[in-house]
Amino acid sequence: MKYSLLNSVILVAVLLVGSSACLVSPTPPQAAPPQVSQELKSDKQRMTSPVASQADLIALVEGNNAFAFDAYPQIKEDGNLFFSPYSISLALAMTYAGARGNTAQQMADTLHYTLPQEKLHAAFNSLDLELNQRGQGAKGKDDKGFRLNIVNAIWGQKDYTFLQEFLDTLAENYGAGLRLLDFISAPEPSRITINDWVSDQTEGRIKDLIPQGAIDPLTRLVLTNAIYFNAAWQNAFEKNATADGIFHLLAGDEVTVPMMHQTESFKYAEGNDYQAVELPYDGRELSMLVMLPQSGQFTAFEQSLDVRKVDAIIDSLAPKKVALTMPKFEFTTSSISLTKALSDMGMLVAFTEDADFSGMDGKRDLHISDVIHKAFVSVDESGTEAAAATAVIMTLTSAPMPEEIINMTIDRPFIFLIRDIQTGTILFLGRVMNPGM
């Protein structure tokens, strides 16, 4: 399956490990200075030529994309919605490296990890390295050029022992070295240190990812993944063509918002209940796919949406001359907990004291207490900027011929994807219910 990507993408994944003992965190200081972390490098270097076959890569992408559409209806968010299924999959893949037994099986089933552990992590590494090759010589949304940067780091409690095999897996496949902090004596400075790293890696788009209280003296491990993507449209919208227009809300109300216009050759498809258009970014390696349900059919279309339907829409795209009208929009989703969604999808035991993450420290004393996600997206005439963050908090348990011009006016709620065209990786998925919010 092929997918688009928003101009500027920021993904952040965080894994916190603490203890389920009944301890009370001290009140954090109001102006706690960040800690200076010490990094312990694994003896293992990142594998720059991972042993991952094309079949393994395809299986990984198909599984990640299937998870994206399983998660979409489970995320209970009114109004506009935007999230990064790739961020969630990647954050939980690092967590999965330490899972064993029934815990690992439920995670694999829920996340559609069909490859065995050793092949899965190598495939994630291969996909990550391939995505980092994108955009050479392409333009960014701003004056800095194209960016797609993917960075990982892990933060552990000093003097706490983690299994070398676990650390080596993350070093070899995710490029993550262990950075030591003192969660026990200085939880708040530790939180600030990690949040500052996240902000630096995402060019300031994801700030204060980890809220106060999420890190306490029981925290033992935090895994972070940050992705920043910034690219220009292949065909930019002329700013002087943007004008206020009407956007029809689902309830029947109307809002006036800036509407962008251009007539260009795009890949286009339509069916009985939708129109779809693919907008490539500069270099044509990444794109945004916009799916516009027919008037009055948004809910039915959204409920019918799954990976097979999106695959079919993408396969039916064909070059057409399209007079495209669509709104500029920008919004930040609130932090949402994915614990119930993942539990409802079948990942139950990982959130209980029966969890087995013994692959992290050799003991069955860790479980996930929460998975938190937050995202940002901005679309204008120049391109797109997007950001997403995931926190997995763990607790210690113990053209040729003239063409007909097709009109597509996106003046009502719509769904959009951001994907890498070559691999088909879905990086972002969302809907716009009200671009004026």
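Couple of notes before you dig in:
- Sorted by Cβ neighbour density within 10 Å, fewest at the top, the residues Y96, Y274: Y274, Y96
- Charge context of A241, other residues only, Cβ under 14 angstrom, K/R +1, D/E -1: -3
- Under the convention that each Lys and Arg Cβ holds +1 and each Asp and Glu Cβ holds -1, the size of the dipole of region 279-437 around its Cα centre is about 300 debye.
- In nm, spacing of pseudo-spin labels at A55 and D109 (7 Å Cα→C-beta vector): 2.5
- Cα-only Debye scattering, the chain: base-10 log of I(q)/I(0) at q = 0.07, 0.10, 0.13 Å⁻¹: -0.34, -0.68, -1.11
- Dipole axis of region 256-359 (+1 Lys, Arg; -1 Asp, Glu on Cβ), positive-most option in S337, M291, P327: P327
- Rounded to the nearest 20, the Cβ-based charge dipole of the chain about its Cα centre (Lys and Arg +1, Asp and Glu -1) stands at 420 debye.
- Summed residue charge, Cβ within 15 Å of N102's Cβ, Lys/Arg positive, Asp/Glu negative: -2
- FRET efficiency, D196 to E302 (Cβ-Cβ, R0 56 Å, nearest 0.05): 0.90
- Above-threshold pairs, the threshold being 24 Å between Cα atoms, out of K144/K320; K144/K207; K119/K139: K144/K320; K119/K139
- Descending principal axes extents, region 204-264, alpha-carbon based, whole Å: 56, 34, 16
- Taking the number of Cβ atoms within 10 Å of each Cβ as an exposure proxy, the fewest-first ranking of H261, H248 is H248, H261.
- Alpha-carbon centroid distance for the pair region 214-261 / region 186-208, whole angstrom: 22
- Ordering T409, T395 by the number of other Cβ atoms within 10 Å of each residue's own Cβ, fewest first, gives T409, T395.
Rule-based calculations on the coordinates, nothing more; no lab input. Note that the coordinates shown come from a computational prediction; the quantities given were computed from them, not determined experimentally. So basically every Cβ, Gly included, is an ideal-geometry build from the backbone, and we count neighbours across all protein chains shown.
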